[in-house]
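Everything on this sheet refers to the single structure shown next.
Nothing in this text is a laboratory measurement; each read-out follows from the coordinates by a stated rule. It should be emphasised that the depicted structure is a prediction, and the values quoted were computed from it without experimental measurement. Because the Cβ atoms are built from the backbone with ideal geometry, glycine has one as well, and the counts that use them run over all protein chains shown.
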């Protein structure tokens, strides 16, 4: 700081009057303090400090069991930097529940099934299309991820979701796991929309499931686990993908590629800019999804 002329700076000018005021205790406003509760982060004076495993807590948080956030340094983190939770399969259970609920609903109501499946444009030429993604129903890219018609289809997908999703949710954390799931599912749907016949209906969580396959392979490689079981299972699924009719191979391949890319970003992102790399990669993949969807819509238009 530049010194003012004729007013030399001396010790008298550096007294406590220049120091910033400390916050006051939330229970004793007349007492200044530099200590905060490690849960609710309210300022507390020495008389209100209660020793905790990490720092000090205020009497209110001790009495209620702690309603404020735990200190960031004390929160256990997953491999990918997410917050560890008491139930690492919560989102997997919710996703399975949504899929089962939609399965029951569409088997009760066929018109509902027709509104949820992924279809490019319907009816086909020479009729004028009235429904489909090309007609502005982009929501079908999402609803088709939770729609199944046959019992064997949902059974296979939900078993795979339980087997793959739980460990991934625990390793990535809920937010990153959900980002991976939807990115893979949307990538599979977009590739199906781009390459399949516009009048061909597609449904199921297979794109997202193959994304979990890809991310699991990346995670096992990162942890130096034996990859032979997951590779063998993936090869078997790819054989079924290209060996059976009435299977949208585009969804499987699109989801697998997106899962590998997003999974690699999740577990290999540098710590100092981890969230930026992880969510930025998912955003880039979703941008590709939008571009593919717009290209196909322009073709069909």
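Just to be sure I understand the model, the point goes 7 Å from the Cα along the line to the Cβ. What's the resulting residue 195 to residue 235 distance in nm?
My value for the distance between the label points is 2.1 nm.
If I stretch the segment between residue 114 and residue 142 completely, what's the gain in nm (0.36 nm per residue apart, minus their alpha carbon distance), one decimal?
8.7 nm
Which value results for Rg/Rh of the chain when Rg is the Cα radius of gyration and Rh the Kirkwood radius based on the inverse mean 1/r?
On the Cα set of the chain, Rg over Rh gives 1.19.
If I fit a long axis through the Cα atoms of helix 90-108 and take the longest principal axis of the Cα atoms of the chain, what angle between them do I get, 0 to 90°, rounded to 10?
Between helix and principal axis, roughly 30 degrees.
Can you sort 221, 273 from fewest to most other Cβ atoms within 10 Å of each residue's own Cβ?
Ordered by Cβ neighbours within 10 Å, fewest first: 273, 221.
Relative contact order of the chain, please, whole-number percent, based on alpha carbon pairs below 8 angstrom and at least 6 residues apart.
Relative contact order comes out at 16 percent.
Angle between the Cα long axis of helix 174-195 and the longest principal axis of the chain, 0 to 90 degrees, nearest 10?
30
Measuring from a point 7 Å past the Cα of residue 284 along Cα-to-C-beta, which residues in region 254-270 have an amide N at less than 16 Å?
The answer is 257-270.
Could you please tell me the mean projected area of the C-alpha convex hull for region 118-236, averaged over all directions and given in square nanometres to one decimal?
8.2
Would you calculate, for the chain, the mean residue ellipticity at 222 nm contributed by helices, counting each DSSP H stretch of 4 or more residues as -39,500 (n - 2.57) and dividing by all residues, to the nearest 500?
The per-residue figure over the chain is -17500 deg cm²/dmol.
Go ahead and collect, in residue order, the members of region 205-231 whose backbone nitrogen is under 17 Å from a label point 7 Å along the Cα-Cβ direction of residue 247.
205-214, 230-231
What's the percent breakdown of Cα-Cα distances in region 21-65 across 5 Å bins, shortest bin first?
Here the calculated profile for region 21-65 is 5, 29, 35, 21, 8, 2, 0.
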